[in-house]
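Just below is one structure, and these are the notes that go with it.
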Amino acid sequence: MIRARVEGNVVSTVCHQTMKGWRLLICQPLDGDGKDSGQPVMAIDPQGAGVGSTIVITTDGKGVREFLGVDKTPIRNMILAIEDE
Amino acid sequence: MRFGKVIGKVTLSDSDPTYIGGRFLLVSPMDKARISGEDLPPVSGQPDVVVYDNVGGGLGDVIGFVEGGEASATFDKPTPVDAFNCALIDEITYQGRTHTL
């Protein structure tokens with residue numbers, strides 16, 4: 001799990017069927033001090049996070065597969081939580 | 001899932017039988033400047049990735065590709081794939097600016 005900041009979203013009509021219907025957000029990974037580290041990644045968003053909010057995303061597909069209840073999904077980034085402070 | 005710009009195709013003369021039905025795209029991972037839509041050359045500084053594709057990505061498309069174990073999660077039989085194209089990106093809204101591809 002890594003901390004990230006929501007920077008925007010993405011529209012994709014042609015995608016893997018297990019991704020259809022999910023909001024796709026652009027997340028900028030953050031390091032320990034809250035500064036940007038690395039390039040932005042896309043994550044599905046079951047939590048309804050808004051742009052600019054700090055979130056926690058999973059980078060391992062196992063949690064996503066269990067959450068979606070689907071074995072054959074390529075998704076590995078999913079928003080787990082939105083930070084209050 | 002990372003952003004990638006398709007910059008070419010890879011054709012295999014002889015390949016693993018489980019690759020039937022798929023194609024391979026040469027993809028250059030995109031950095032922040034390219035994601036925000038600045039007019040830059042398609043090839044970024046990051047190393048290129050050969051991505052397995054059965055979604056239909058073409059030259060110049062922006063795709064979302066996944067690496068690691070999840071790349072081979074969607075196959076019935078165990079397949080030696082570690083980069084998988086799972087989305088063609090139509091529109092990006094990044095840091096307040098929206099651009100359609």
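The values are calculated or read from the model by the stated rules, or taken from the named source; none is laboratory data. Owing to the predicted nature of the structure, the values given are computational and were not obtained by experimental measurement. Note: ideal-geometry Cβ built from the backbone for every residue, glycine included; neighbour counts use all protein chains shown. In case anyone asks, the SASA skips ligands and DNA or RNA and just uses the protein heavy atoms, side chains included. Shrake-Rupley method; radii C 1.70, N 1.55, O 1.52, S 1.80 Å.
Brief remarks on what is shown
- Using the 1.4 Å probe convention, the accessible area of region A:2-82 works out to 44 Å² per residue with neighbouring protein chains retained.
- Positive minus negative residues near A:Val56 (Lys, Arg vs Asp, Glu; Cβ under 10 Å): 0
- Buried between B and A is an accessible area of approximately 2300 Å², summed over both sides with a 1.4 Å probe.
- Charge tally in the Cβ shell below 13 Å around B:Leu59, where Lys, Arg are +1 and Asp, Glu are -1, B:Leu59 excluded: +1
- Computed label-point distance, nm, for sites B:Asp90 and B:Leu12 using a 7 Å Cα→Cβ extension: 3.1 nm
- The mean count of C-beta atoms from other chains within 10 Å of the C-beta of residues in A:70-82, rounded to a whole number, is 4.
- With only Cα atoms counted, the protein assembly as shown has Rg and Dmax values of 16.0, 55 Å.
- P(r) for chain A, from all Cα pairs and a bin width of 5 Å, is 3, 16, 28, 24, 18, 8, 3, 0 %, short bins first.
- For region A:2-82, the share of accessible area belonging to carbon and sulfur comes to 52 percent (1.4 Å probe, ligands and nucleic acids excluded).
- For q = 0.10, 0.18, 0.23 Å⁻¹, Debye-computed log10 I/I(0) when each Cα of chain B counts as one equal scatterer: -0.28, -0.82, -1.22
- Between the exposed loop cleavage positions of chain A, defined as trypsin sites (Lys or Arg not before Pro) in a non-H, G, I, E, B DSSP state with at most 16 neighbouring beta-carbon atoms within 10 angstrom, the longest gap is A:36-71.
- Per residue of B:89-97, other chain Cβ atoms within 10 Å of the residue Cβ number 6 on average.
- A Cβ-based charge dipole, computed about the Cα centre of region A:2-82 with Lys and Arg at +1 and Asp and Glu at -1, lands at about 220 debye.
- For the protein assembly as shown, calculated [θ]222 nm from helices alone, where every DSSP H run of n ≥ 4 adds -39500 (n - 2.57): -1500 deg cm²/dmol
- Accessible-area composition of region B:2-100, carbon plus sulfur, in percent [1.4 Å probe]: 51 percent
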